[in-house]
Amino acid sequence: MAATSLLPKSIPYFLTNPHSLPSTTTTTSKLSFLNPPHDQQQCCTKRPNLQTVHLKKKKNPWLDPFDDGIDPDMEYGTLFTDGKQDEDPRPPDNPDNPYGFLKFPKAFNVEIAGLALKVRGDVRRCCCLVAGGVYENLLFFPTIQLIKDRYPGVQVDVVASPRGKQTYEMNKNVRWADAYDLDDDFPEPRVYTDFVGILKNRYYDMVLSTKLAGIGHASFIFMTSAEHKASYVYPNVNSVGAGLFLSETFTAETTNLSDGGYHMYNQMVDWLGKPFRSLTRQPLPPLKYSLSKKIKEVVEAKYRNAGAERGKYVVIHGIESDSQASMQSRGDTDSLLPLRLWAKIAKGIRDLTPVFVIPHERERENVEDIVGYDASIVFITTPAQLAALINDSAGLIATNTAAIQLATAREKPSIGLFCSEEKAKIFVPDAEEKRCTIIASKTGKLIDIDVEAVKNAIKFVNVSLALV
């Protein structure tokens with residue numbers, strides 16, 4: 001990209017972009033020295049407005065109030081104008097070179113990277129700032145896969161909270177995952193400036209953020225010097241000024257983005273997968289994750305020590321606790337059940353062993369006192385280990401935690417307990433196709449859920465679980 005700065009600058013950019021001029025001066029775009037005759041072969045194309053190339057909705061008025069959209073008379077050449085970007089081949093290493101001068105970074109070609117970025121909007125490096133915990137980062141997996149499909153060869157990095165960073169142990173599409181608390185409104189100056197330098201030195205082409213941005217977070221993204229800067233913004237007065245520093249904004253419906261459930265990132269997904277010239281809309285892939293062999297071995301040792309066997313136990317997740325490892329959705333305070341209700345539900349399980357997942361060791365004594373000292377208890381705090389436990393099980397009974405998403409992604413038989421039917425439809429759409437049985441409370445409070453209805457659902461699912 002450094003080579004682009006050595007190109008001759010014959011005509012200033014503000015002259016070649018008629019959209020940046022007022023409507024009264026648009027006649028200058030018809031001058032001969034700006035538009036060569038059509039009978040002459042054009043060796044290059046006019047530089048399009050990157051935002052109008054990537055958008056079809058209303059422009060951000062903060063960027064250019066005189067931009068009316070894509071120019072219908074815009075003409076393009078043949079170089080980097082259509083189709084998806086190509087994955088650059090990595091130059092072979094020279095084994096005889098002791099200094100490693102030929103070890104170029106992957107997907108980096110200094111001669112053409114800048115030109116393709118400007119003409120076609122290629123993205124070679126993308127950074128995703130994902131706010132929230134395990135639940136929010138897990139539901140961001142389909143968006144990462146969409147980015148990989150839309151921009152072949154792109155390198156995706158993620159910045160998340162320390163708890164959310166654990167999720168990317170299950171995602172092979174992420175190159176680096178950095179821990180940084182995006183929800184901290186008053187970070188330490190040394191940490192803030194250091195992290196801005198880290199992101200800036202990686203030369204990202206695109207930076208995406210799911211944190212609701214005001215002028216402070218928008219300036220943080222602006223200082224990364226990325227070409228495309230997109231973020232969610234507040235739906236209220238707190239978003240004032242954020243559009244000055246961002247090339248694309250998504251206005252959240254509420255101040256808590258997690259209220260959108262499974263499709264909480266639908267606005268960003270719609271923007272990333274939009275049609276582009278001859279390319280059709282990029283579909284959003286389903287939620288998928290991968291598990292390493294080492295994690296499977298560790299988890300297998302845990303549930304075998306608890307007295308369970310592979311394929312012959314049911315995972316119970318969502319025990320009421322103040323631990324951060326409960327993996328709830330952000331802002332959902334009514335998604336955990338007291339242990340006494342779980343004990344009643346566990347009595348309805350036949351021919352299979354109920355395995356209670358505790359987020360903290362202090363809960364072990366409570367489970368033994370209420371359920372019994374012969375109860376199978378597994379202590380798990382990371383989402384990868386929880387996914388491995390569900391993967392080896394016969395099924396799952398859980399509240400609105402990350403466990404229900406991990407089970408539906410692998411199409412494991414599951415029973416989801418929700419405080420209302422509306423919330424169940426938001427967080428688990430198409431539950432029947434995902435082999436998930438929804439039990440919702442009739443009063444709007446999870447503690448009032450009908451235990452007998454849960455037991456009847458267990459009896460209905462027991463046949464398929466026993467076959468598994």
Problem set entry | At most 16 other Cβ within 10 Å, DSSP loop - GluC sites (Glu not before Pro), segment 296-341 | E309
Problem set entry | Value of relative contact order over segment 337-468, rounded to a whole percent, pairs C-alpha under 8 Å and six or more apart | 22 percent
For this session: For segment 318-384 and segment 244-260, write down the distance between their C-alpha centroids in whole Å.
Result: 34 Å
Seminar exercise, completed: Per-residue accessible area, 1.4 Å probe, largest first, puts D205, D178, D351 in the order D351, D178, D205
Seminar exercise, completed: Heavy-atom accessible area with a 1.4 angstrom probe orders R125, R435, most exposed first, as R435, R125
Problem set entry | trypsin sites (Lys or Arg not before Pro) restricted to DSSP loop in segment 292-351 with at most 13 other C-beta within 10 Å | R310, K347, R350
Seminar exercise, completed: Under 5 Å from the placed amide H of I438, counting only residues 5+ away or on other chains, we find G416
For this session: With a 1.4 Å probe and every protein chain left in place, tell me how much accessible area H317 has, in Å² to the nearest 10.
Result: 10 Å²
Seminar exercise, completed: Expected vector for segment 228-238, Karplus 3J(HN,Hα) from phi with 6.51, -1.76, 1.60 and θ = phi - 60°, integer Hz, x for Gly and Pro, equals 10, 10, 10, 7, 6, 10, 5, x, 10, 5, 5
For this session: Keeping every protein chain in place, order E422, E227 by accessible area at 1.4 Å, biggest value first, i.e. largest first.
Result: E422, E227
Exercise. Which whole-Hz couplings ³J(HN,Hα) result when phi for each residue of segment 189-196 is put into the Karplus expression 6.51 cos²θ - 1.76 cosθ + 1.60, θ = phi - 60°, listed in order with x for Gly and Pro?
Worked result: x, 5, 6, 4, 5, 5, 6, 4
Exercise. Which value, in Å² and to the nearest 10, is the accessible area of S231 when all protein chains are kept and the probe is 1.4 Å?
Worked result: 0 Å²
Problem set entry | chymotrypsin sites (Phe, Trp or Tyr not before Pro) within segment 349-381: DSSP coil, no more than 10 neighbouring Cβ in 10 Å | Y373
Problem set entry | In order through segment 440-451: 3J(HN,Hα) via Karplus (6.51 cos²θ - 1.76 cosθ + 1.60), integer Hz, x for Gly, Pro | 10, 6, 8, 9, x, 10, 5, 5, 8, 5, 6, 5
For this session: Hey, can you grab everything whose amide H is under 5 Å from the amide H of R124? Only 5+ residues off in sequence or another chain; H modelled, so Pro and N-termini drop out.
Result: D205
Exercise. Of K172/K211; K118/K172; K118/K229; K148/K200; K347/K442; K274/K434, which sit over 18 Å apart, Cα to Cα?
Worked result: K172/K211; K118/K172; K148/K200; K347/K442; K274/K434
For this session: Using only protein heavy atoms and a 1.4 Å probe, report how much of D322 is accessible, in Å² to the nearest 10.
Result: 120 Å²
Seminar exercise, completed: Relative contact order of segment 111-234 (C-alpha contacts under 8 Å, at least 6 apart) in percent is 26 percent
Seminar exercise, completed: Which residues qualify? For H228, with a placed amide H closer than 5 Å and at least 5 residues away or on another chain, they are M206, V207
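The values are calculated or read from the model by the stated rules, or taken from the named source; none is laboratory data. Since the structure is predicted, the reported quantities are computational estimates derived from the model, not experimental observations. We place every Cβ from the backbone using ideal geometry, glycine too, and count neighbours over all the protein chains shown. The protein model used for the area step is the full one, side chains on, heavy atoms only, and it has no ligands, DNA or RNA in it. Shrake-Rupley method; radii C 1.70, N 1.55, O 1.52, S 1.80 Å.
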